[in-house]
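Q: Attaching a single structure in structure tokens format; questions to follow.
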């Protein structure tokens, strides 16, 4: 069985799979009482289809995955709302063979905290994020129709990948709802 350790999120480590969105280090563009705004911190190129916003309700589950999907024409942004999520990703290899997975050892897992997001490049293998520290939610920005027009799913139940992700120091926190 393959075991992957969850890594802290950094722009450098995530670069082979896409981009990280977080609070910019540059001065804000506007501010007022209780708020600061940074415009256009990241762009999402499309192909003419409108963008949709998906909602993920995540519950703790075993930290493993036995499937992955990819979108050859579509970027995807994943934004945790209340707690860390684990996002697993694999290299965007073999676009000419859409259902050919890279070696499972080449996948990586990133711990994405609330207030940050990841933008997956086209053809990057991934799956539904995991909730290692308790129930949470995530928003997903993806071009409408991607799940019908631009998705390849590969299942590998006999080779499930286990994720090692120690709980965070705030793993027992609750959110006001």
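Q: Could you check what % of the DSSP bridge pairs in the chain are antiparallel, to the nearest 5? Before the final figure, lay out each step's value.
A: On the way: 38 of 45 bridges.
Roughly 85 percent of the beta bridges in the chain run antiparallel, per DSSP.
Q: Please list the three semi-axes, largest first and in whole Å, of the ellipsoid equivalent to the chain, using sqrt of 5 times the eigenvalues of its alpha carbon gyration tensor.
A: Semi-axes (√(5λ), whole Å): 26, 22, 15.
Q: Only Cα pairs under 8 Å and at least 6 apart count here; give the relative contact order of segment 39-122 as a rounded whole percent. Spell out each step's value before the answer.
A: Values: 80 pairs, mean separation 30.3, N = 84.
So the answer I get is 36 percent.
Q: Using the alpha-carbon centroid of each, what span in Å lies between segment 1-42 and segment 89-107?
A: If we compute the Cα centre of each part, the gap is 25 Å.
Q: When a/c reaches 1.5 or more, the comparison of a/b and b/c decides; with that in mind, is segment 105-147 rounded, prolate or oblate per its Cα gyration tensor? Can you show the working numbers first?
A: Numbers: a/c = 1.83, a/b = 1.20, b/c = 1.52.
Verdict is oblate for segment 105-147.
Q: Quickly rank 145-155, 44-54 as a protection proxy: mean count of other C-beta atoms within 10 Å, highest first.
A: Going by the mean number of other Cβ atoms within 10 Å, highest first, we get 145-155, 44-54.
Q: Okay, moving on. Quick one: compute the contact order of segment 2-164, relative version, from alpha carbon pairs under 8 angstrom and 6+ residues apart, as a percent.
A: Computed value for segment 2-164: 40 percent relative contact order.
None of the figures in this text is laboratory data; all of them are computed from the coordinates on show. Small disclaimer: the values here were computed from a predicted structure and weren't measured. Note: ideal-geometry Cβ built from the backbone for every residue, glycine included; neighbour counts use all protein chains shown.
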